[in-house]
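The values are calculated or read from the model by the stated rules, or taken from the named source; none is laboratory data. The model shown is predicted, which means the values in this text are computed figures rather than measured ones. All Cβ positions, glycine included, derive from the backbone under ideal geometry; neighbour counts span all protein chains shown.
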Amino acid sequence: MKLMREIRFSALPPSAGVTNSWAGWPSATSIAPFLTLQVLLRGIADPRTGYLCNVQAIDHTVRECVVPLVAESLQTKRVPPTGETLVEVCWNALRNDVPPGTELEELRLAPTPHLIFSKHSGAQNMVSITESFEFAASHRLYCPSMSEEENRALFGKCANPNGHGHNYVVEVTVRGTPDPTTGRIVDIQEMESIVKERVVDRFDHKHLNLDCPEFADLNPSVENITMVIWKLLDGQLEPARLSKIRVWETPKTYAEIANEE
């Protein structure tokens, strides 16, 4: 069994009476770097209460042990204040102080809704970064080797000759060991530049079947789009290693390729 608890906070020293508010303390009274921390625990739920643990215990530990360390790291720059080093600060503070009967499975630290730094129990010194990108494109799902009737039966309206469009969201995940000097596994701006050049600029506001050589003979399903993006980025984001590509075609549908090593 796994249980996730999200704690929202600003990176300031805590004060008395702080709770896990919807807005994220202390946004109502002070402005500071705002973070969300998702704590993923694993264990066996208590057969009587149904609880893996009391989530208030997670809140308390994060408020008492993690928030002050994050605030100190940002204020004193005791370690390079990067997302990679901060998620490790959180991990080291929590890994031996989780509720009894549970183990820390994963931490996800998000400075924005579009950028996540994560650390997993099986990854040793590795840290992952996931960033979201967007492009709008049209496509037609159609296989020339099939008859018109077969295409309509399989793809429905998606086989209409003039195509249709989507606002695609691409989540790119890389992983690596933070550099001891810079605290980074990859330069975020460089990563963004590479993804923009190799993926976004290539496909944005294009008809994938007609404008993109990658799909001249390849049906541009979300599965194939994901495979093509993986090939375009694999080996391009060094020193980090490409770990996962997830492409959302709609809010209800995504395809994913992951390197499970």
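Here are the numbers for this structure:
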| read-out | value |
| --- | --- |
| PRO47 vs. criteria out of contact with any His (no Cβ under 6 Å at 6 or more places or on another chain), exposed (fewer than 14 other Cβ atoms within 10 Å of the Cβ) and over 24 Å from ARG241 (Cα atoms) | yes |
| Residue list for the stretch 131-166, restricted to those being touching a Phe, Trp or Tyr at 6+ places or on another chain (Cβ under 8 Å) and closer than 22 Å to VAL247 by Cβ | GLU134, PHE135, ALA136, ALA137, HIS139, LEU141, TYR142, PHE155, ALA159 |
| Whichever residue in the stretch 123-156 is farther than 30 Å from ARG108 by Cα and touching a residue at least 60 places away in the same chain (Cβ under 8 Å) and, among such residues, is surrounded by the most Cβ atoms within 10 Å (Cβ to Cβ) | HIS139 |
| Subset tally (residues that are modelled with pLDDT under 90, farther than 22 Å from LYS119 by Cα and aromatic (Phe, Trp, Tyr)) for the stretch 1-59 | 2 |
| Single condition THR181 does not satisfy, out of (1) closer than 24 Å to VAL67 by Cα; (2) within 22 Å of the chain's Cα centre (by Cα); (3) surrounded by fewer than 14 Cβ atoms within 10 Å (Cβ to Cβ) | (2) |
| Of all residues in the stretch 203-232 being among the aliphatic types (A, V, I, L, M) and in contact with a helix residue (DSSP H, G or I) (Cβ under 6 Å, 6 or more places away or on another chain), the one that is farthest from LYS157 (Cα to Cα) | LEU232 |
| Selection count, the stretch 147-185, where residues are over 20 Å from HIS114 (Cβ atoms) and charged (D, E, K, R) | 6 |
| Members of the stretch 38-64 found to be hydroxyl-bearing (Ser, Thr, Tyr) and assigned to a loop (DSSP other than H, G, I, E, B), listed by number | THR49, TYR51 |
| Lone qualifier among VAL174, VAL222 - being touching a residue at least 12 places away in the same chain (Cβ under 8 Å), touching a His at 6+ places or on another chain (Cβ under 9 Å) and crowded, with 18+ Cβ neighbours inside 10 Å | VAL222 |
| Residue match in the stretch 213-222 (condition: within 28 Å of PRO80 (Cβ to Cβ) and either under 16 Å from the mean Cα position of the chain (by Cα) or of a type in the set (Val, Ile, Thr) (or both)) | no |
